Each structure stands twice: as C-alpha cells, then as structure tokens.
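Notes to accompany the following structure.
The values are calculated or read from the model by the stated rules, or taken from the named source; none is laboratory data. Fair warning: this is a prediction, and the values are worked out from it, not measured in the lab. A quick note on method: Cβ atoms are made from the backbone with ideal geometry, for glycine too, and the neighbour counts reach across all protein chains shown.
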Amino acid sequence: MTMTMPVSDLKPEVTAFFDPDTFTITYLVRDPTSNACAIIDPVLDLDYAAGRTATKSADRVIDVVTSAGLTLDWIIETHVHADHLTAAAYLRDRLGGRVGIARQVTVVQTVFGEVFDEGPSFRRDGSQFDHLFDEGETYRIGNMTGVAWHTPGHTPACMTHVIGDAAFVGDTLFMPDMGTARADFPGGDARQLYRSIQRVLALPPETRLFMCHDYAPGGREYRWESTVAAERAANIHVRDGVDEDAFVAMRTARDATLDMPRLILPSLQINMRSGLMPPETPAGRRFLKVPLNHF
C-alpha cells in the first residue's frame, strides 16, 4: 500500500509547456509517488482572424500524459484568463479529470455576462465547472495535497495553488524583472493584489513559484520558474521594502498606459464557460461577440 506523504515532504514533478503565441505556460504537475497528475492553465489555440480554433498546444500535453500512463485528477484554472482560450473542456473530454476554478468565478460571470449580453440562458452560478474551490480548501492529486488560496487583485477569481514545495501563482506574480500583473480589469484592485502577493511571499523562501506568463523583457530567454526568496530580493514591483501605498501608486499609473490584451474578447467568452463554445444558432453556427465602445 502506498503511504500518503506529508505536504512538506513532497516535491511535485512539474513539466512546463510554453505557448509562444500567447506567452502562456501550461503546467503538468505529477505526484512523484503515483501516476496521478493535474494540468494547470491549458491553452486552446485560436486563429482570431480566421475564427478557427485548434488543439495543437493541448495535444502536446495529452501526448505526455498518455505516453507516461498518467491519470488526470484535476484541470485547474488559476483564474478566468483574458489573454488565451482555455482547453479545459477539450482535455476533460479526452483524459477525464475535474475542472476546478475559484468560487468567485460567479462574480466574473455576472460582470461579463452583462458585457456580452448573454441573457438568462447563460448560467452565472459556476455550474459550467466541475468544482468551485473555496479559500483554504484542500484537494488530492494522487498522494499529494493541494491547497487553494484565494489571491484576488488581478481579477476577483484569482487563486494560487500550493502543492508541496511549489506554488502556481497564475497572473498574480511574474518573474522578478517583469514584476506583477495589471489590476485594472473589472473587479481588479491594486491594493488587494499587493496583499495577495504578500501572502504568497510569506511562504518559505525556497518555495518554487510557477508563473502563468513570461514576455522575456530585454530579449532574454523565456523563464517561468522563480522562488519566494528571488521575488522578495529582486521583484521590480514588490521586492522587500516596497510598501502598499507605493505599489498601488505604481500599479495604477502603469495600468493606465496598457493596451487591452489582444485576445480578451474571445478569451472571456470561452473561459467563463470552462472552455465550452457559445451555443449554436438555429442555423448551427457559433459566434463570438464584439461589444463596441465598451472597454
């Protein structure tokens, strides 16, 4: 019989898949004591100009899972992404597992259900997902225990998932030379973001931090793994010594200069549905909406 190891003793095996079109990193997280795994923040490819989706990025992950004989326990979304479409529904259909996101996804669904004029047929209760994580909730990946931390600020439904010695921070933090995520989307809040980050940076200094994006500032190589110690020492936005008011002033000023993400409109419509496409029209077609002069 396999014994369950204490969380502090675990070092999950992490494989990263980088999507150069959206600068997104998908993670395959494997229990070192079993064949169980989780997938975090999977990508569905989109040719926006042609209105065509593809599954090349997700199929790369599927190939690794199946060739290694792994069992998928969870497909985890760290938040409702605004920069890429999720492949969660596609992966669940092919590999099984449960799709989980923060319970506060209902806030995002309420806001953007109105933005996209979805009407009453679009459920705003999170029921498109298999599971809604509560703050502090624990869950299992084989013999590993994961813990869901609500870390809002970038969006109301952001979560950091702490699994053994690793934390998957979504868009809450970036590599030290990139800083932090924007906080100007509906429901975002720079002060909340600072407090969420401080919670993450209170983890043990050797904790591995895995980012959802990297944009290779200055032309360096793409990187997505850091540590609490490295972030506290050198993060350009929230290193030790940067107080809350200074961060809020910086973040607010910086956010005012940023353009909207290239794929925000299709991403939100698909991702708030857990990767399901919009319903078909009577003619059997599916459409994404572009709300004019809203953002």
Note: among THR155, THR106, just one is touching a His at 6+ places or on another chain (Cβ under 7 Å) and either surrounded by fewer than 22 Cβ atoms within 10 Å (Cβ to Cβ) or within 30 Å of GLU206 (Cβ to Cβ) (or both), namely THR155
Taking the stretch 72-90 and keeping residues in contact with a Ser or Thr (Cβ under 9 Å, 6 or more places away or on another chain) and free of Cβ contacts under 8 Å to residues at least 60 places away in the same chain leaves ILE75
Looking at ALA230, is it surrounded by fewer than 17 Cβ atoms within 10 Å (Cβ to Cβ), of a type outside the set (D, E, K, R) and over 25 Å from LEU209 (Cβ atoms)? no
Those residues of the stretch 32-52 which are touching a residue at least 12 places away in the same chain (Cβ under 8 Å), farther than 23 Å from ASP165 by Cβ and surrounded by fewer than 16 Cβ atoms within 10 Å (Cβ to Cβ) amount to TYR48, GLY51
Answer yes or no: is there a residue in the stretch 249-257 that is outside any helix (DSSP H, G or I), of a type outside the set (D, E, K, R), out of contact with any Pro (no Cβ under 8 Å at 6 or more places or on another chain) and in contact (Cβ under 8 Å) with a residue 60 or more places away in the chain. yes
Residues of the stretch 126-149 that turn out to be farther than 30 Å from PRO32 by Cα and either part of a strand (DSSP E or B) or small (Gly, Ala, Ser) (or both), as a count: 2
Got a number for residues in the stretch 258-270 being assigned to a helix (DSSP H, G or I) and surrounded by fewer than 18 Cβ atoms within 10 Å (Cβ to Cβ)? 1
I'd like to check something: does the stretch 240-250 contain any residue that is touching a Ser or Thr at 6+ places or on another chain (Cβ under 7 Å) and of a type outside the set (Phe, Trp, Tyr)? no
In the stretch 263-295, what count of residues is obtained for those that are closer than 30 Å to LEU201 by Cβ and of a type in the set (D, E, K, R)? 0
Scanning the stretch 70-127 residue by residue, the ones that are of a type in the set (D, E, K, R) and touching a strand residue (DSSP E or B) at 6+ places or on another chain (Cβ under 8 Å) total 6
Are there any strands (runs of 3 or more DSSP E) wholly within the stretch 27-125 with 3 or more residues that are in contact with a Phe, Trp or Tyr (Cβ under 6 Å, 6 or more places away or on another chain), and if so which? 98-102
Determine whether GLY188 is out of contact with any helix residue (DSSP H, G or I) (no Cβ under 8 Å at 6 or more places or on another chain), surrounded by fewer than 21 Cβ atoms within 10 Å (Cβ to Cβ) and not in a helix (DSSP H, G or I). yes
Of (1) assigned to a loop (DSSP other than H, G, I, E, B); (2) farther than 13 Å from THR227 by Cα; (3) without any contact (Cβ under 8 Å) to a residue 60 or more places away in the chain, PRO205 fails just (2)
Checked pairs for the stretch 217-228, first farther than 15 Å from ASP19 by Cα and touching a residue at least 40 places away in the same chain (Cβ under 8 Å), second buried (at least 18 other Cβ atoms within 10 Å of the Cβ) and of a type in the set (Lys, Arg), C-beta under 8 Å and 6 or more apart or across chains, list as GLU225/ARG208; SER226/ARG208
Filter the stretch 7-26 down to the residues that are modelled with pLDDT of 95 or more and not in a strand (DSSP E or B) and list them by number. PRO12, PRO20, ASP21, THR22, PHE23
